[in-house]
Amino acid sequence: MTGLLAADEPLVRWQWIPDHAEEIRAATVEHLQLTGSSVAIGFVIAMAMAMVSIRWRFLYGPLAAVAGALYAIPSLALFALLVPFTGLGYRSAQIALVSYTLLILLRNIVAGIDGVPQAVKDAADGMGYEPWRRFLAVDLRLATPTIVSGLRIATVTIIGLVTVAALVGSGGYGTFIDDGLSRQFPTPIVVGAGLSIAMAVAFDVLFVLVQRVLTPWTRITASPET
Amino acid sequence: MDAHHGVTGDLTVLQEALDYLTASDSWWGRNGLVTLLWNHVRLSVFTVVAAMLVSIPPALWFGHRRRGGAIAVTVVNISRAVPTFAIIALVFPFSLRYGFGLGFWPTFVALFFLALPPIFVNTFTGVTEVDRDVVEAARAMGMREREVLLDVELPAAMPLLATGVRISAVQVVATTTLGALVGFRCLGSPILQGLATRDYGRVIAAATLVALLSLATEFAFALLARRLSPWARPDVATARVRTPRTGAAADLAI
């Protein structure tokens, strides 16, 4: 960290952006891949944990505690802890990111399924649904808003954490931030941060829309609370 | 960046980590773990206290007036989208240019913005969720608005307020680690040095200490919350904030 920032250095040198279009495109793909795969793997694991928790209630506390402990570990520390075992790069980042999604997703899946009214479950049972089919067609369906909202929080959180993952060499927008930091050159920092925020906001909006499409019945009751 | 170099995958790194942690040289001196730990805790406490002073009064006021719900939701959503790493990096050049230097101040500014939303939103939600009948009863007994807020609403909101402070504190302790990137000497410093020099024993040792510190913070606040509000189990109270419909799931963010 040598050399002070020149007093006339602008926050963004706009020419930098077209000059680095190819790198920006590559970083976008990396950022999306790492986010998408981490949330997807996390969702599968969290869903399994949630089904175990619902079947055997007493396991929910311990499972949530494990997910909570993973969540409390600082991101840089967790990435760093994995490096000696899984190396610098994609895999270390992904294991850490998956572990961060678990708490958010587990809580939301369980809360969503718990929130299904008993009367509805009884009615489904009375109509002759088998337990498995009822779980898929009724419980999960009605829990969709809460589950999607968990996916939304997890995705937006992970997009932010992927920037930190760049420090262990996994690519993405964090590479620009890291580069700008080490050269004390603000342009890549602003570009990296701006793109990461834009991606987070885009996914936030996308999930709100997905939720609307998937759960038309909530639209009627959605307004009074706000 | 070859993924295989330096990956031992066996237990020698753990042995190195243990050696590092048991050598007295690692603990004492200008860059010893004791100094780093103290810096880490000092900045974290300073940040959380500053965030409490700034966010609790307006949150109480908006909550009392039962206004600003939209602000609360927006604050949470924005804060979730903005990576702290990016803020630290962005503040850094300006901190240098305007004479605040390396380390403490750029890290503080970024952490401060990280710490605000959970405290604000949880305090706000805590006050707005106080039973209206209780508030009306307090007014009917002749309490002034100030007294209603401080003697009725504030104590009732205490479990959620404490939850907000806990979430902030854990996030701040965890994220202070990143201050090492802008020259703040904290427990993140040995992690970065170790990553740069492939001294993975040191990385594991420091990362474990940060993780323990962060878990200890979580645990300490859970105990404190139980003390402060013995009538309400904090986990029961927080369940309501997480209702996704309001979007104010403040406790779920890093």
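The values are calculated or read from the model by the stated rules, or taken from the named source; none is laboratory data. This is a predicted model, so every value here is computed, not measured. Cβ: placed from backbone, ideal geometry, glycine included. Neighbour counts: every protein chain shown.
Within region A:77-87, is even one residue at pLDDT 90 or above, closer than 29 Å to residue B:172 by Cβ and out of contact with any helix residue (DSSP H, G or I) (no Cβ under 6 Å at 6 or more places or on another chain)? No, region A:77-87 contains no residue that is at pLDDT 90 or above, closer than 29 Å to residue B:172 by Cβ and out of contact with any helix residue (DSSP H, G or I) (no Cβ under 6 Å at 6 or more places or on another chain).
Of all residues in region A:179-191, those satisfying the criterion of being surrounded by 22 or more Cβ atoms within 10 Å (Cβ to Cβ) and free of Cβ contacts under 8 Å to residues at least 40 places away in the same chain are A:180, A:181, A:189.
Could you please find all residues in region B:54-76 being closer than 23 Å to residue B:158 by Cβ, within 13 Å of chain A (Cβ to nearest Cβ) and within 21 Å of the chain's Cα centre (by Cα)? Within region B:54-76, B:71, B:72, B:73, B:76 meet the criteria. Residue check: residue A:23 meets all listed conditions (1) surrounded by 15 or more Cβ atoms within 10 Å (Cβ to Cβ); (2) of a type outside the set (A, V, I, L, M); (3) in a helix (DSSP H, G or I); (4) touching a Phe, Trp or Tyr at 6+ places or on another chain (Cβ under 9 Å) but one, namely (1).
Among the residues of this structure, residue A:156 counts as one that is within 11 Å of chain B (Cβ to nearest Cβ), in contact (Cβ under 8 Å) with a residue 24 or more places away in the chain, of a type outside the set (D, E, K, R) and in contact with an Asp or Glu (Cβ under 7 Å, 6 or more places away or on another chain). Of the residues making up region A:179-201, those that are in a helix (DSSP H, G or I), within 8 Å of another protein chain (Cβ to nearest Cβ) and of a type outside the set (Ser, Thr, Tyr) are A:180, A:181, A:186, A:189, A:190, A:192, A:193, A:197, A:200, A:201. In region A:65-75, which residues are facing another protein chain (nearest Cβ under 10 Å) and surrounded by fewer than 19 Cβ atoms within 10 Å (Cβ to Cβ)? Residues satisfying the conditions are A:68, A:69, A:70.
Going through (1) among the hydrophobic types (A, V, I, L, M, F, W, C); (2) touching a helix residue (DSSP H, G or I) at 6+ places or on another chain (Cβ under 7 Å); (3) without any contact (Cβ under 8 Å) to a residue 12 or more places away in the chain one by one, residue A:136 falls short only on (2).
Against the test of being within 11 Å of chain B (Cβ to nearest Cβ), part of a helix (DSSP H, G or I) and either in contact with a Lys or Arg (Cβ under 8 Å, 6 or more places away or on another chain) or modelled with pLDDT of 90 or more (or both), the options A:204, A:139 yield a single qualifying residue, A:204. Only one of the listed residues (B:138, B:110, B:89) is in a helix (DSSP H, G or I), away from chain A (no Cβ under 12 Å) and either crowded, with 19+ Cβ neighbours inside 10 Å or in contact with a helix residue (DSSP H, G or I) (Cβ under 7 Å, 6 or more places away or on another chain) (or both). That residue is B:138.
Exactly one residue among B:96, B:102, B:154, B:160 is over 17 Å from the mean Cα position of the chain (by Cα) and over 25 Å from residue A:164 (Cβ atoms), and that residue is B:154.
Evaluate the following for residue B:196: is it crowded, with 24+ Cβ neighbours inside 10 Å, modelled with pLDDT under 90 and part of a helix (DSSP H, G or I)? Here the answer is no, as residue B:196 does not meet what is asked.
If the condition is being over 16 Å from the mean Cα position of the chain (by Cα) and charged (D, E, K, R), then region A:165-208 contributes A:178, A:179, A:183. Among the residues in region A:85-101, are any among the hydrophobic types (A, V, I, L, M, F, W, C) and more than 12 Å from chain B (Cβ to nearest Cβ)? Taking every residue of region A:85-101 in turn, at least one turns out to be among the hydrophobic types (A, V, I, L, M, F, W, C) and more than 12 Å from chain B (Cβ to nearest Cβ). Being assigned to a helix (DSSP H, G or I), among the polar types (S, T, N, Q) and within 14 Å of chain A (Cβ to nearest Cβ) is a property that residue B:79 has. The residue that is farthest from the chain's Cα centre (by Cα), counting only those in region A:142-153 that are more than 8 Å from chain B (Cβ to nearest Cβ) and in contact (Cβ under 8 Å) with a residue 60 or more places away in the chain, is A:144.
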